[in-house]
1. Mind checking the per residue accessible area of the chain for me, 1.4 Å probe, whole number of Å²?
2. Quick one: Cα convex hull volume of segment 265-416, Å³ per residue?
3. Roughly how many Å is it from the Cα centre of segment 326-396 to that of segment 52-90, as a whole number?
4. Counting only DSSP beta bridges with both residues in the chain, tell me the antiparallel percent, nearest 5.
5. Go through D214, D104 and list them by solvent-accessible area, largest first, probe radius 1.4 Å.
6. With viscosity set to 0.890 mPa s at 25 °C, what whole-number translational diffusion coefficient in µm²/s follows for segment 367-416 from Stokes-Einstein and a Kirkwood radius over Cα pairs?
7. With the full set of protein chains in place, find how many percent of the accessible area of the chain is carbon and sulfur; take the probe as 1.4 Å.
8. As an exercise, take the mean of 1/r over every pair of distinct alpha carbons in segment 234-312, invert it, and state the Kirkwood radius in angstroms.
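The values are calculated or read from the model by the stated rules, or taken from the named source; none is laboratory data. Because the structure is a prediction, the values reported are computed rather than measured. Quick note on the areas: whole protein, heavy atoms, side chains included, nothing else; ligands and nucleic acids left out. Shrake-Rupley method; radii C 1.70, N 1.55, O 1.52, S 1.80 Å.
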Amino acid sequence: MLKLSSLAAAAAIAVASVAVHAGEVEVLHWWTSGGEAKSAGELKKIMQSKGHTWKDFAVAGGGGDAAMTVLKSRVVSGNPPAAAQIKGPAIQEWAAEGVLANLDSVAKAEKWDSLLPKVVADVMKYKGNYVAVPVNVHRVNWVWANPDVLKKAGVAGMPKNYDEFFAAADKIKAAGLIPVAHGGQNWQDFTTLESVVLGVGGAKFYTDAFVKLDAKALGSDTMKKSFETFRRIKSYTDPASPGRDWNLATAMVMQGKAGFQFMGDWAKGDFIAAGKVPGKDFLCAAAPGTANAFTFNVDSFAMFKLKSNDAQKAQNDLAAAIMGPEFQEVFNLNKGSIPVRLGMKMDKFDDCAKMSAKDFVETAKTGGLVPSIAHGMAVRPAISGAMQDVASQFWNDDKMTVADAMKKMTAAAATK
Ligand code: GAL
């Protein structure tokens, strides 16, 4: 009896102490597919276990274009969420508006400087102060495949270059299946184009064209060949692809309707959420010609300035949880990405993730590690947005010439 009542008292104290600091965190993200939603759910669980209330602010739309539009209107009306999925150079733009919170106290306490690659930490800081916290490292230059489709079509293995890729695509077509599952949305078109540019031109060319925005590179024969290759890939997609969400394209590969998909490794999150086993039910490989390169895409949450102390406490707890080893493991196991926190054990991760972790380290040494332009890592959003539009215009209009596309792309890259 005594024991029970003291237990009850202890529980009451625990509840009270949680309640004292409990706050609400409203988190804007665009993680709504099977694997994405499971991953976001892990963050919600951690925050709830700390006594906070999670207010989900999910804006559907892969790549986050829709989410960013909604975010702008919320911030402009003076009502920002606690945290928002903001990445790459966009973090600097938001910070320059003076709306982001300073996370230095939690960053110091949790030793972020020693737990993050410097290149990543720099992106999370504005004028030397942390304003965002990174979640993961996605690799974008992947191609996914259904092994049964390859077998049926008589394709021996994953294509290492575009000659092999198109030979395989022809065989899949001849077998009556769809060679390439594609979702015709601007960001997916651009995701494919960036992998093609990397595969055709290599990491140095990619950097010149898509990071340095060098007009010579954008007007070169290598760029011409890239656009030609990109257009040829389109001829292996199905007529129903316009507007399709990326996860529905992934489902076509899962179901054996299509052979390949060009997509970042969030696709693996969806394969896994559907119970599929890598190496058995689906295959992963670097996109043709890109085995020695790695287009990185680091998801991160920027925190907005909030007034209430409880809300700030909840926000700091969220930031600490995101960088914590427990979250970094469970989130990335579900998301298809690898932890961004250094020194994490990879033993629970699958072979695709292990390959990604190894290639991340190796390409960083050889110059093959490059920022994804299609996922907001390489240049300001105004520029990448304009370039993305050109990629889609070309993809959608078979009459547009390659020369025209190159001219338009060069002009878009010069967006002020
Ligand atoms: C990317 C994002 C990923 C994934 C993907 C599709 O931009 O970094 O986490 O969500 O969009 O929605």
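1. Accessible area per residue: 42 Å².
2. Enclosed volume per residue, from the Cα hull, is 182 Å³.
3. Distance between centres, Cα-based: 20 Å.
4. Approximately 55 percent, going by the DSSP bridge assignments.
5. Listed by decreasing accessible area, they come as D214, D104.
6. Reported coefficient: 213 µm²/s.
7. That fraction is 57 percent.
8. By the Kirkwood definition, the hydrodynamic radius is 15.6 Å.
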